[in-house]
Amino acid sequence: MANYNNDLEESSPLLSKQVGVEEDEKKKLNVNKSKEATAPPEVGTGAGFGWTADGLPLVHGSVVGEPMGRSQWDSPLLACLGRNDGFCSSDIEVCLLGSVAPCVLYGSNVERLGSAPGTFANHCLPYTGLYLIGNSFFGWNFLAPWFSYPTRTAIRRKFNLEGTCEALNRSCGCCGSCLEDEVQREHCESACDFATHVLCHACALCQEGRELRRRVPHPGLSAQPVLVMIPPGEQTMGRSA
């Protein structure tokens, strides 16, 4: 009888279901353990992270956090005629605008940078007023650089360009103490942007214009094409011969 009961227990369908459930649970545990073993380590997001204006990480001491070098300007500050490349004619136009009509060049630069409706007029007209007041009362363009220098800072931050302090540190090794702290470096670079516009205003506008024309298309070129429907010509029925 004992053997008969054991045979019944072994052939019971309930026993087989319980054994199947236990095997499934063991498989799930093994899969979870394998996932935990192969999971990549989490990257910390603590105080070691810094960010550029475009949201690019600047982290020291990690795989993705190698210090990112800043790009140099496409042309130097005193390269009035730009470079002899595909933008040569555009560089000459920028030079003429910076010499004759800096208000137009400044408005064009801000329009390319911002691409918002009315940007050109909202910046060109105030610049023109400050330009006329400065030339009338001070004999030179003294007030307009106070209004236009933030554009240079915005261009430098947008394209992660090298500032004056970094250029001096790279060329002659000075101003190294200003580059240790990010906030202090940015204050120094903003002051250098202002000094560049005050001391060499026309060249600064031309350099910014050349940089923007090589990096950003004109807002008018990105407009959607207009489909023009031309009606068919008048048709007449001729008499058959």
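The values are calculated or read from the model by the stated rules, or taken from the named source; none is laboratory data. Remember, it's a predicted structure, so these values are computed and weren't measured experimentally. As a convention, Cβ positions derive from the backbone with ideal geometry for all residues, glycine included, and neighbour counts pool all protein chains shown. Remember, those area values only see protein heavy atoms, side chains included, never the ligands or the DNA or RNA. Shrake-Rupley method; radii C 1.70, N 1.55, O 1.52, S 1.80 Å.
Checked against (1) of a type in the set (A, V, I, L, M); (2) over 23 Å from residue 93 (Cα atoms); (3) modelled with pLDDT of 95 or more, residue 229 passes all but condition (3). When each of 134, 163 is tested for being under 17 Å from residue 197 (Cβ atoms) and over 28 Å from the mean Cα position of the chain (by Cα), the lone residue that passes is 134. Would you confirm whether any residue within the range 79-101 is at pLDDT 90 or above and assigned to a loop (DSSP other than H, G, I, E, B)? Checking the range 79-101: at least one residue is at pLDDT 90 or above and assigned to a loop (DSSP other than H, G, I, E, B).
Quick one: in the range 140-181, which of the residues that are open to solvent by 60 Å² or more (accessible area, probe 1.4 Å) and in a loop (DSSP other than H, G, I, E, B) is nearest to residue 74 (Cα to Cα)? Only one residue fits best here, namely 172. More than 17 Å from residue 216 (Cα to Cα) and touching a residue at least 60 places away in the same chain (Cβ under 8 Å) - does that describe any residue in the range 123-141? Within the range 123-141 (the criterion being more than 17 Å from residue 216 (Cα to Cα) and touching a residue at least 60 places away in the same chain (Cβ under 8 Å)), the answer is yes, since at least one residue qualifies. Residue pairs whose Cβ atoms lie under 8 Å apart, sitting 6 or more positions apart in sequence or on different chains, and linking a residue in the range 183-210 that is closer than 17 Å to residue 154 by Cβ and among the β-branched types (Val, Ile, Thr) to a partner that is in a helix (DSSP H, G or I) and open to solvent by 30 Å² or more (accessible area, probe 1.4 Å), are 196/149; 196/164.
Taking the conditions exactly as written (β-branched (Val, Ile, Thr) and either under 20 Å from the mean Cα position of the chain (by Cα) or closer than 18 Å to residue 73 by Cα (or both)), does residue 119 satisfy them or not? Answer is yes for this residue. Output yes when any residue across the range 78-89 is within 26 Å of the chain's Cα centre (by Cα), closer than 14 Å to residue 201 by Cα and crowded, with 21+ Cβ neighbours inside 10 Å, and no when none is. The answer is no; no qualifying residue exists.
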